[in-house]
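The values are calculated or read from the model by the stated rules, or taken from the named source; none is laboratory data. Fair warning: this is a prediction, and the values are worked out from it, not measured in the lab. Neighbour counts are summed over all protein chains in view; Cβ atoms, including those assigned to glycine, are modelled from backbone coordinates with ideal geometry.
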Amino acid sequence: MRIGGLVDSSAPIEEVVADTQRLAGAGLASAWASQVFGHDTLTLLALVGARVPGIELGTAVVPIQPRHPAMLAAQAATVQSAIGGRLALGVGLSHQVVVEGMWGLGFERPASFLREYLQVLVPMLRGERVDFAGERLRAVSGPLPQVTGATPVYVAALGPVMLQIAGELADGTVTWMTGTKTVATHIVPRITAAAEAAGRAAPRVVVGLPVCVTDDPHAARERIDRALAIYPTLPSYRAMLDREGATSASDIALVGTEEEVAAGISRLADAGATDLTASVIASTAERERTWRLLAELATR
């Protein structure tokens, strides 16, 4: 299993560059950044990639509603060209409270919208011309920047319908707030079956989880729950926690000694995850221990 880390896309750019350099220097496979309320993540990764060679750079994830798929394809292809083919494009539907309440956009029939969106985005990123007319989207594409190879697209897919769409049309999924048991019994079987039925390669399953190596797991779990308190209130994440039998973010986190966290990562690999994206929420000393362990596991 490949191990990567989540960087804070809302931090100052120099800090994001430094954090990514540390991940790359430690031998981690990838660095992922979310699109929330800070920098534009794709622009940020273009800047980071120009200064940090080697490491894969991913979006986890870019919400699709504010960008037409042709515009997102052009932006992603530009970044891909700028950073030498290292971009992994994670996309998602965001949340109704954000899309309607903050952006003033519609959230009706989100799965149908995603399917149409991917029918434009994915072929364009393969360098194909698109002439598409759906119920929600219309797109006629022009040529994109010349990039060697297609940009892989991963969907933030959690529910059954979303996993079906991701398996059929995309290269895999990027999850959050989804525990190891749910990855094994829900995420991997559904997306794999959908990909197989569509004649596609085995999907990539990138699992984002809080991670903390510590001798005080109680305090670490309290810190994680404070930092991530909003997520259990969002319906899609609440559904994943309920599947896991979990109440809060710390219930699915990988927390404990080096041996305990390493064992948790091993169980995640056995569950079918292809990647772990670690969100390290920790004190300074715990953070150093955590990244040291992750680097050791990543380079074995």
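Quick notes on this one:
- Test result for Gly101, without any contact (Cβ under 8 Å) to a residue 60 or more places away in the chain, surrounded by fewer than 16 Cβ atoms within 10 Å (Cβ to Cβ) and more than 26 Å from Ala198 (Cβ to Cβ): yes
- Of all residues in the range 258-279 being of a type in the set (Asp, Glu) and farther than 13 Å from Thr290 by Cα, the one that is surrounded by the most Cβ atoms within 10 Å (Cβ to Cβ): Asp275
- Filter result for Arg287 (in contact with a Cys (Cβ under 9 Å, 6 or more places away or on another chain), surrounded by fewer than 20 Cβ atoms within 10 Å (Cβ to Cβ) and under 23 Å from Leu57 (Cβ atoms)): yes
- Members of the range 240-257 found to be within 16 Å of Trp176 (Cα to Cα) and loosely packed, with under 15 Cβ neighbours inside 10 Å, listed by number: Asp242, Gly245, Thr247
- Residues of the range 64-91 classified as surrounded by fewer than 22 Cβ atoms within 10 Å (Cβ to Cβ) and either in contact with a helix residue (DSSP H, G or I) (Cβ under 6 Å, 6 or more places away or on another chain) or on the phi < 0 side of the Ramachandran plot (or both), total: 13
- Tabulated pairs, the range 174-191, first at pLDDT 95 or above, second in a loop (DSSP other than H, G, I, E, B) and hydroxyl-bearing (Ser, Thr, Tyr), C-beta under 8 angstrom, 6+ apart or interchain: Ile187/Thr178
- Asp40 vs. criteria in contact with a strand residue (DSSP E or B) (Cβ under 8 Å, 6 or more places away or on another chain) and of a type in the set (Asp, Glu): no
- Checked against (1) surrounded by fewer than 20 Cβ atoms within 10 Å (Cβ to Cβ); (2) on the phi < 0 side of the Ramachandran plot; (3) not in a helix (DSSP H, G or I), Glu168 passes all but a single condition, namely (3).
- Total residues in the range 209-236, condition loosely packed, with under 13 Cβ neighbours inside 10 Å and touching a residue at least 40 places away in the same chain (Cβ under 8 Å): 2
- Members of the range 19-44 found to be modelled with pLDDT under 95 and aromatic (Phe, Trp, Tyr), listed by number: Phe37
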